Amino acid sequence: MTSQTSHVPTADQIRRAPKVLLHDHLDGGLRPGTIIELAREQGYSRLPETEPDKLGIWFREAADSGSLERYLETFAHTCAVMQTREALFRVAAECAVDLAEDGVVYAEVRYAPEQHLEAGLTLEEVVEAVNEGFREGERRAREAGHRIRVGALLTAMRHAARALEIAELANRYRDDGVVGFDIAGAEAGYPPTRHLDAFEYLKRENNHFTIHAGEAFGLPSIWQALQWCGADRLGHGVRIIDDIEVAEDGSVRLGRLAAYVRDKRIPLEMCPTSNLQTGAAASYAEHPIGLLRKLHFRATVNTDNRLMSGTSMSREFELLVDAFDYTLDDLQWFTVNAMKSAFIPFDERLAMINDVIKPGYAELKSEWLFRQTATTSGSSGQAD
């Protein structure tokens with residue numbers, strides 16, 4: 001008899017598997033019903049649909065254009081209803097609950113405080129509302145029998161000029177729920193080097209940061225993020241595939257940048273469904289994550305924007321299982337990669353891996369034994 005631990009996992013097993021999420025946008029994960037209720041409370045009348053199901057479909061279709069710029073336009077509606085303390089608290093709490101119900105045990109959720117000031121909140125009030133919302137969501141999740149820990153990443157918009165201010169804000173709240181910094185927005189025309197002062201400041205403060213790079217723009221974006229700015233992780237980084245050549249005989253040659261990324265174990269925050277929507281990949285089967293997994297890059301799986309992509313961590317894993325016949329061992333590999341790359345202290349990452357993630361996958365991998373025992377014991381009343 002051979003072990004069946006390598007078999008393709010079921011959808012139920014994927015949902016129950018402990019998952020780690022490093023790249024998820026708060027304003028890209030609202031519940032459609034919440035958007036409608038907040039819009040009604042705040043007098044916002046520009047929503048394209050006023051029924052939750054129809055609004056969810058509209059967001060997915062609007063984001064499914066193949067253009068990053070068009071994709072980013074959908075955020076006008078979500079940000080519009082996230083301008084009060086109560087709204088931010090609610091959205092953050094629901095985010096934590098939704099992720100926990102999907103089996104996520106650790107998440108880093110990012111948002112741009114500068115986009116939530118239209119109703120008079122200060123940057124500090126925005127951060128405090130979101131942090132309190134995450135703590136409330138963690139509490140609700142515990143009451144429902146789920147465990148999750150959520151850290152915030154404060155994002156600066158690359159087309160604006162507030163990166164240093166947001167970096168200082170992230171540093172100020174680093175012991176109160178904020179685990180790092182990010183820059184986001186359209187890459188073309190807004191290289192990360194425009195914000196060098198922010199990155200230099202964070203490095204002096206021994207703080208962590210990731211940079212959206214290598215999504216809509218190519219290798220120069222990745223190179224600048226790493227070699228000029230010193231990013232700890234790459235948001236997406238999918239275009240690193242442009243520096244990898246695969247010959248007809250299957251042999252692979254890595255360019256200098258790709259080799260550096262692999263050698264230095266730089267985490268890639270890959271978001272398969274989002275990458276398809278923005279045109280960074282043609283299909284799930286052709287997504288670079290398949291080759292990067294084989295080459296042992298530190299690839300991680302993420303959702304990016306759950307509302308716009310109509311997705312979850314479980315769905316992303318299911319799609320990759322369908323595309324690449326991944327097993328529970330593969331899903332554990334991605335999950336451990338993500339936990340190793342998180343912006344919390346080393347001992348806490350190690351405890352999450354050894355005490356939560358590995359035992360969770362071990363339990364799932366052992367389930368075939370009990371199914372086999374039940375089948376075998378009922379198959380015959382005779383013993384040899």
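The values are calculated or read from the model by the stated rules, or taken from the named source; none is laboratory data. Computed from a predicted model, the values in this text were never measured in an experiment. A quick note on method: Cβ atoms are made from the backbone with ideal geometry, for glycine too, and the neighbour counts reach across all protein chains shown. Surface accessibility is based on the protein's heavy atoms, side chains included, excluding ligands, DNA and RNA. Shrake-Rupley method; radii C 1.70, N 1.55, O 1.52, S 1.80 Å.
Taken over the range 214-239, the criterion of being of a type outside the set (Phe, Trp, Tyr), assigned to a loop (DSSP other than H, G, I, E, B) and either open to solvent by 10 Å² or more (accessible area, probe 1.4 Å) or at negative phi (or both) is satisfied by 215, 216, 218, 229, 230, 231, 232. Among residues of the range 254-279 being open to solvent by 20 Å² or more (accessible area, probe 1.4 Å) and among the hydrophobic types (A, V, I, L, M, F, W, C), the one that is nearest to residue 325 (Cα to Cα) is 276.
Every listed requirement among (1) out of contact with any His (no Cβ under 6 Å at 6 or more places or on another chain); (2) within 18 Å of residue 154 (Cα to Cα); (3) open to solvent by less than 10 Å² (accessible area, probe 1.4 Å); (4) of a type in the set (A, V, I, L, M) is met by residue 117 save one, (3). No other residue among 331, 320, 364, 350 is part of a helix (DSSP H, G or I) and open to solvent by 50 Å² or more (accessible area, probe 1.4 Å) apart from 350. Selection of first residues in the range 125-136 that are in contact (Cβ under 8 Å) with a residue 12 or more places away in the chain and farther than 16 Å from residue 98 by Cα and of second residues that are open to solvent by less than 40 Å² (accessible area, probe 1.4 Å) and in a helix (DSSP H, G or I), restricted to Cβ pairs under 7 Å at least 6 apart or on distinct chains, gives the following pairs, ordered by first then second residue: 126/88; 126/113; 127/113; 127/169; 129/88.
Among the conditions (1) in a loop (DSSP other than H, G, I, E, B); (2) crowded, with 18+ Cβ neighbours inside 10 Å; (3) free of Cβ contacts under 8 Å to residues at least 40 places away in the same chain, residue 249 misses just one, which is (2).
So, of the residues in the range 252-276 that are part of a strand (DSSP E or B) and in contact (Cβ under 8 Å) with a residue 12 or more places away in the chain, which turns out to be farthest from residue 305 (Cα to Cα)?
252
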